[in-house]
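Let me begin by presenting the structure, written as structure tokens, before commenting on it.
Read-outs throughout are calculated quantities, based only on the coordinates presented, and are distinct from any laboratory measurement. The model shown is predicted, which means the values in this text are computed figures rather than measured ones. In this analysis, Cβ positions are derived from the backbone assuming ideal geometry, glycine residues included, and neighbour counts consider all displayed protein chains.
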Amino acid sequence: MRLLNVLIPAAVTVFLTALAVLSAFWLTGLVPPGEWSQLIKAAILVFIVGSTLVVVAWSAYFSYIVRGAIEKLISK
């Protein structure tokens, strides 16, 4: 059981990171060449990295809340 507390969040983090990298490559590849292309690509990367960090932090907090609620129910 102790292994699942580490394995599941690690697997979710790896999956979300891989998804973020693939979507960053895909979205930056869609930007047409031009004067503003580098700025648009940088904005896409900043948005994807920021949103990935928020999602990972939120999932960690959510799992902490759920674990606390389950432990409270079990102790009653």
Considering region 37-76, residues that are of a type in the set (Lys, Arg) and either touching a helix residue (DSSP H, G or I) at 6+ places or on another chain (Cβ under 7 Å) or not in a helix (DSSP H, G or I) (or both), and then whichever is nearest to residue 15 (Cα to Cα), we arrive at 41
Output for region 39-73, where each listed residue is surrounded by fewer than 12 Cβ atoms within 10 Å (Cβ to Cβ) and more than 30 Å from residue 5 (Cβ to Cβ): 39, 42, 46
Could you run through region 27-36 and say how many residues are more than 17 Å from the chain's Cα centre (by Cα) and part of a helix (DSSP H, G or I)? 2
Any chance region 6-17 includes a residue that's assigned to a helix (DSSP H, G or I), hydroxyl-bearing (Ser, Thr, Tyr) and loosely packed, with under 10 Cβ neighbours inside 10 Å? no
